[in-house]
Amino acid sequence: MLEELYQKVILEHYCRPRNRGRISSPDFSAHDNNPLCGDEVTIFLKMNQDVIGEVKFDGAGCSISQASASILTTVLVGKTIQQANKTIDDFLAAMKNRRFNESIEGDARSLEGVLKFPVRIKCANLPWRTAQKAMRIEDVCENP
Ligand code: ZN
């Protein structure tokens, strides 16, 4: 059972996280936590003209939340805000509907394994919700 949850890709991101750290003057950032598990994640995004040039995460918590944050950073780079929001919406919908399809990109597909463990879905979703929150706050400021 545990082997399915901690699939190779998830473990790999947990043990060797991509883009871990902080961005000193991000264009977007947000922090959120998952009280049930004690997971904490902060997401930082820096734009490069119209696309996301850099994404970093900082945080602590269970392996699923931290691996999911690492995976998130790899799928957002190079996207416009609109594309990034779509990617996040697709992922959260897949988790909610318990069905992954081809719209889920790259290493994010490995998180399908978490569906078998409903209590961990919140852990997997946390970084994605946090990134969504970061970009939503900025939207409000730009379009008051
Ligand atoms: Zn967790």
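Once segment 1-17 is narrowed to residues that are open to solvent by 70 Å² or more (accessible area, probe 1.4 Å) and out of contact with any Gly (no Cβ under 9 Å at 6 or more places or on another chain), the residue that is modelled with the lowest pLDDT is 1. Of all residues in segment 45-54, those that are open to solvent by less than 20 Å² (accessible area, probe 1.4 Å) and either within 10 Å of the ligand (Cβ to nearest atom) or without any contact (Cβ under 8 Å) to a residue 40 or more places away in the chain (or both) total 1.
Residues in segment 70-119 that are more than 28 Å from residue 23 (Cβ to Cβ) and either buried (at least 16 other Cβ atoms within 10 Å of the Cβ) or touching a strand residue (DSSP E or B) at 6+ places or on another chain (Cβ under 6 Å) (or both): how many? Here the count works out to 4. Is it the case that residue 57 is crowded, with 20+ Cβ neighbours inside 10 Å, among the aromatic types (Phe, Trp, Tyr), more than 16 Å from the ligand (Cβ to nearest atom) and within 16 Å of the chain's Cα centre (by Cα)? When the stated conditions are applied, residue 57 does not pass them. The residues listed here are 109, 99; of these, the one that is more than 16 Å from the ligand (Cβ to nearest atom), among the basic types (Lys, Arg) and over 23 Å from residue 12 (Cβ atoms) is 99. Do you know which of the residues in segment 26-36 that are open to solvent by 50 Å² or more (accessible area, probe 1.4 Å) and under 18 Å from residue 76 (Cβ atoms) is farthest from the ligand (Cβ to nearest atom)? Only one residue fits best here, namely 27.
The values are calculated or read from the model by the stated rules, or taken from the named source; none is laboratory data. Predicted model only: the values in this text are computed from it and were never measured. FYI the Cβ positions are ideal-geometry reconstructions off the backbone, even for glycines, and counts take in every protein chain you see. Protein only, heavy atoms only, side chains kept; ligands, DNA and RNA dropped before computing areas. Shrake-Rupley method; radii C 1.70, N 1.55, O 1.52, S 1.80 Å.
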